[in-house]
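Here is the structure we will look at, set down as structure tokens.
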Amino acid sequence: AFNWNKDVFDVTFVNALLGYFEDLVKFLPVCARDPESPFMEIGREFSNALLDRRDEDESSLYGSVLFNDNSVEEALRNANKTSPLFIEYTIFSNFTAVHGAPLMFNRINEAIMRTLGAKGAGIEAGMEVLPATAREVNVERGASGFAGTLLFGIAFSFGPAAYAVFVVREKEVKAMQQQLMNGVSPLAYWASCYAFDLSLYMVSFVGALLAIQIFQTEAFVEDFGVIIILLLAYGLAIVPFTYCITWMFQTSGSAQFGALVVNLAGTCVLVAVWYMMFANDNQMTQISIAVIFFRFFPGFCLGHALLQINNIGQYAMVTNSLRRGGNPRNPIVFEPLDLDIAGFDLLFLFAEAVIYLLMIGYLQKAYRTGECKAEGAPPYSFAQEDDDVFEKEDDDVRAERLRIERHEPEDLKELTRSTNPDSMLAALSCVRKVYNDGKAAVQCMSVGFSKKECFGLLGVNGAGKSTLINMLVGGMKPMEGDILIDGLDMRQTPGEAQKHLGFCPQDNAYFDLLTVREHLMFYGRIKGVDESFLDQVVDETIEELLLSEHKDKFGSQLSGGNKRKLMCAISTLGSPSLVVLDEVTTGVDPSARKAIANFLRKLSQRTSIVLTTHSMDECEALCNRVSIMVDGGLRCLGTIQHLKTKYGQGYMLEVTIRLPEESEEQSIMAGFGYPEQPKKRINSLGVENSLIASGDEALYRSRFKLSSLQRNLDMVGSLSVGVLADWVFVNRSIFKLAKMLRAELHQDIELQEVQDRRIRFLIPPKALERVDVADMFELLEKRRDTYAFSDFTLSQTTLESVFNRFAASETKEHVARERINAYKGLPVRRKPLGRNVENAV
């Protein structure tokens, strides 16, 4: 016998298993097919034995061989003869390696040839994969195409989300509104945005085409021309589609996230839904309907078209199958531009580019007029509302309303033309805005603005000022009424009317990456300032508003005060007939407020101004006429002096009590029981006993416990006798002075405020029936020494007190209205109170 290890194989061969089966192999045929054959059982045992040894071998075992010794010995004896030789063997192969069986077969044949004398002989073998069938090609291409489509869709969903940021940001800071009000047409605005964002999309477009060519993506390269058309159509549609989405969001961050989610949903989710539905033969009707709605998302059109182009072979195979009613012998041949492949998607994309652009125009108009907001006809009649408004208005407001409403709209147009030297510049005739919840933001407002007049509009938060201002500048369409500016109707021709307006919104409508000078140059060109004078106008405006040090700073780098200055400067460019300033000095430091006030004072000499503010001092310094709004209607109207006289509560007397002289202080300390001991410190009980001993027990009970001295005493624990004596002297003098004023002038004189030695009395108008202002001055001057006051100031009540009076009345009316509504079972609207109302209350 020969050595199996050395003579048969050139590699290490474990023959222990062969010895185990040696006796049986000699007597059993190797290729027995009979299941009952003893060899079949031997084969199973041999296989199990190999499996048991698998953990003992370090390397993988591709297979083993079981020889029939009888056939081997017979072959060796007849090796030199010419008759054919037969050797019987069985291969056991590890089929986890596809190439294991042919390798084992080849190796064993080589071993047999060498054993029989053909030293160095070898058999060269090769392996070739059979060509894939059409079904296999389509399935593989479809799987890779689906993954590629999803990746393509995800990539093309991020870009359009960025287009929403800039548009919503401009709406968020009112920059878009500012541009439209300064003469930019909506068509020009959206066309410029569309052109810019489409140019950004072209970068992604070119990058995607280069990637397809560089990586030679098979499905896309074969139909490269169709891919170009598809991506171009997607860009034309996705940009306006994103603009339409932005109207649902108020902030740029939420708009970017929302646009991304919508685009991803269209490109990935809807495509995946369609793909799963398409695989179900029972849902063909449903999928045909669903696809119509899905295609209104440009992302779905892109993903669906790409997937159909990738799966064109698989789609043809399914469509031509018998189960779908096809004819495999006469199949339908599909091309990429066929309607069922990418044709419908391309048509939808081109159509959507036009439809969504038109929708932008509708949304722009609808949001300006308020049609897309929760507004509409109120649940009650205007007649009843008007009766309530007319009942509350005073004589001046009624006279102004009748002056405006007696003219027909055409007559008002003529009266407000700037060419008429005696005319009004602007007029509001029965302007009304009522929300759907029944809140009347503006109630039948009629007022006119004269030339070169600064008109102050006051009111607490929620009174309707911002709504009125928005309607006046064309940012919102009134429900009823006419708004005329320089002979132009804001409702009919808002674009023309806005050319005569300058508007400073309450928000800072600036561009982050434009400097102060660039802002003014930009808006100057929009307003039509002659290019030859533009630099001069911009430089003068910058200098007047003290912005020279900041003219080269970006808008995002400016402080709050300088941003307000910039907004004020923009509103005055182009010499508008009417400048509307909505709280122009809110949040501004005193120096910036002074610069703005000086600028507006010069501006009022050549143009009309409508100013809303919470600063009464600013209103008194700038405004010729003032009106106070309460619950959407005007309650008073006139010059500041007229309002003070009519609604003021008389005069304010401010008096400063002097410090006691040494003799007066010694007298009081002697009454305490501590003569000539001003530095002696006494505790709380000592203070009480001292005031009782001096006869000031009532003063102690009524005023001391509420004074700052009591708080200091609580913190420190003691108080000097001298300080207590000074306090007693001042408060004795206050009470004596109040008693004298009530006896000499009027008994209803009210002590309103005490701040240390500074006191304020309110003298009612009835006091003037007994004495005039000159007599009051004479009386106070004569009694200065007697009642121990060093100086005094006598003045009318301030505009702030008049404003607070109306603010307080609005609060009371609102509370009463809530109670009535609650009694009737009607919904109660909670109205936020402004800071002035809180002060008044």
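Counting only protein heavy atoms and using a 1.4 Å probe, the accessible area of Met277 comes to about 40 Å². In region 588-678, what trypsin sites (Lys or Arg not before Pro) fall in a loop by DSSP, with at most 12 other Cβ atoms inside 10 Å? Counting only loop positions with at most 12 other Cβ atoms within 10 Å, the trypsin sites (Lys or Arg not before Pro) in region 588-678 are Arg606.
With all protein chains in place and ligands, DNA and RNA left out, the 1.4 Å accessible area ranks Arg805, Arg169, Arg114 as Arg805, Arg169, Arg114, largest first. With coordinates expressed along the principal axes, the C-alpha atoms belonging to region 604-711 extend over 70, 31, 23 Å, beginning with the largest.
Accessible surface ranking for Met276, Met521, 1.4 angstrom probe, highest first: Met276, Met521.
Region 510-659 gives an Rg/Rh value of 1.07, both radii derived from C-alpha positions and Rh following Kirkwood. The phi-based Karplus calculation (6.51 cos²θ - 1.76 cosθ + 1.60; θ = phi - 60°) puts the 3J(HN,Hα) values of region 173-189 at 9, 6, 5, 5, 4, 5, 5, 5, 6, 9, x, 7, 6, x, 4, 5, 5 Hz, whole numbers, x for Gly and Pro.
Radius of gyration (Cα atoms) of region 563-626, expressed as a multiple of 2.2 N^0.38 Å: 1.01.
Of Thr467, Thr96, Thr285, the order by accessible heavy-atom surface (1.4 Å probe, DNA, RNA and ligands excluded), from most exposed downward, is Thr96, Thr285, Thr467.
Across region 600-611, coupling constants 3J(HN,Hα) worked out from phi with the 6.51/-1.76/1.60 Karplus curve, θ = phi - 60°, read 5, 4, 5, 5, 5, 7, 10, 8, 8, 10, 10, 10 Hz, and Gly and Pro carry x. Beyond 29 Å in Cα-Cα separation lie the following of the pairs Lys433/Lys499; Lys527/Lys644; Lys171/Lys452; Lys465/Lys553; Lys171/Lys644: Lys527/Lys644; Lys171/Lys452; Lys465/Lys553; Lys171/Lys644.
The values are calculated or read from the model by the stated rules, or taken from the named source; none is laboratory data. Everything numeric in this text was worked out from a predicted model, so none of it was measured. Please note: Cβ atoms are built from the backbone with ideal geometry, for glycine as well, and neighbour counts cover all protein chains shown. Each accessible area value is taken on the protein alone, full model and side chains, heavy atoms only, with ligands, DNA and RNA left out. Shrake-Rupley method; radii C 1.70, N 1.55, O 1.52, S 1.80 Å.
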